[in-house]
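One structure is given here, and the rest of the page talks about it.
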Amino acid sequence: MKEILTKLLNHEELSREEMKQILIGITKSEYPTEQITALLTALQMRGVTVDELLGFRDGILETGVPVPLECDRYIDVVGTGGDRKNTFNISTTSCFVIAGAGYKVAKHGNYAATSTSGASNVIAQHGVKFTDDIDQLNRCMNDVGIVYLHAQLFAKAMKFVGPIRKALQFPTIFNLLGPLVNPSQPQCQLLGVANLDQMRLYNNVYQKLGIDYGIVNSIDGYDEISLTGAFKVTTNQYERIFQPADLGFAVARPEELVAGATEQEAKEIFDAVLENRALEAQKNIVLANAAFAIQVLERGNISLDDSIAKARESIDSGAALRTFKRFVEYNS
């Protein structure tokens with residue numbers, strides 16, 4: 001670690017393999033807290049490179065619990081978090097709309113860090129019990145079309161740095177890793193980022209990983225398509241700025257996206273969207289995010305209008321709600 005810290009003090013970059021071995025060393029308690037703190041601080045001050053991020057990703061996946069799913073093609077929809085907008089569970093709701101449209105989804109998530117309700121909060125509110133039973137996960141994927149992977153069951157390395165991250169009270173490389181450590185390693189991902197610097201970083205990461213991806217950012221700072229104004233989308237096929245009107249949607253007001261003050265209020269919005277009784281803006285936001293995810297799954301071979309139509313049919317026909325109810329039955 002002394003050599004590693006000397007490199008960082010000399011403004012040198014670390015290799016992917018070096019970072020992987022550091023992460024493995026952290027899980028073996030090879031380094032004192034002070035050295036890990038110095039490492040995370042130095043990386044944050046300089047800015048993390050693509051290979052450094054991928055190295056820590058490799059280490060987390062190697063030391064964690066793998067989830068081999070018997071499915072050829074599926075997607076995860078996730079945000080980096082940290083935009084401090086306290087939106088309702090847009091990504092999670094979108095996942096059930098996507099599954100209701102006939103696609104496969106492996107949603108990776110955790111409890112809320114900066115908002116009222118994270119993916120695990122809203123899922124648990126419905127009585128779902130999280131599992132790392134691979135057979136059960138595969139049965140659920142085959143029969144329902146969607147599985148939920150609660151991060152704490154799989155990324156064993158995170159518990160070793162939890163107290164340090166809490167004490168530092170500023171974002172570290174670990175805040176960037178959440179979207180990259182889905183233990184099933186999906187071939188497709190729709191990622192929401194809070195700023196354009198993150199969009200560039202993850203764009204380079206996904207290109208190195210060789211997966212089909214879409215990265216979205218609302219220009220006014222949401223880590224998802226908020227429809228509150230212009231938003232940018234980068235995929236394997238294109239990079240473009242959209243306006244809500246380009247999708248046939250009205251501009252949403254920020255207050256229409258808020259999760260509320262309690263987990264129960266966030267759960268009510270989640271239920272309202274799937275039951276097709278939500279505010280128009282709430283439904284439209286879910287349709288927009290689901291539609292771009294469907295485009296990723298389809299490798300851009302269907303139009304955005306057709307993707308929106310598939311997502312809309314999933315809600316309007318009740319397919320999304322039926323999928324969620326089956327999911328709850330399977331996992332309660």
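The values are calculated or read from the model by the stated rules, or taken from the named source; none is laboratory data. Nothing here was measured: the structure is a model prediction, and the numbers come from that model. Cβ atoms come from the backbone with ideal geometry, glycine included; neighbour counts cover every protein chain shown. Note: accessible area is taken over every heavy atom of the protein model, side chains too, but ligands, DNA and RNA are not part of it. Shrake-Rupley method; radii C 1.70, N 1.55, O 1.52, S 1.80 Å.
Quick rundown of the values:
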item	result
Cβ-based charge dipole, the chain, positive-most Cα from Ala38, Ile173, Ala230	Ala38
Within the chain, helix-based [θ] at 222 nm, where runs of 4 or more DSSP H residues each add -39,500 (n - 2.57), nearest 500	-15000 deg cm²/dmol
Degrees between helix 319-331 axis and first principal axis of the chain (Cα, 0 to 90, nearest 10)	50 degrees
Cβ-placed point charges (K, R +1; D, E -1), dipole of region 62-108 about Cα centre in debye, nearest 20	260 debye
Accessible area in square angstrom per residue, region 84-204, 1.4 angstrom probe	37 Å²
Stokes-Einstein translational diffusion, region 69-225 - Kirkwood Rh over all Cα pairs, 0.692 mPa s, 37 °C, in µm²/s	203 µm²/s
Cross-link partners of Lys267 among lysines (Cα-Cα below 29 Å; sequence separation of 8 or more within a chain)	Lys85, Lys104, Lys107, Lys129, Lys156, Lys159, Lys166, Lys232, Lys283, Lys310, Lys325
Protein accessible area in the chain, 1.4 Å probe - carbon and sulfur %	47 percent
Acute angle (nearest 10 degrees) that the helix 90-100 long axis makes with the longest principal axis of the chain, alpha-carbon atoms	60 degrees
Rounded tilt (10° steps) of 134-144 against the dominant C-alpha axis of the chain	30 degrees
Highest-first arrangement of 19-28, 64-73, where packing means the average Cβ count within 10 Å	19-28, 64-73
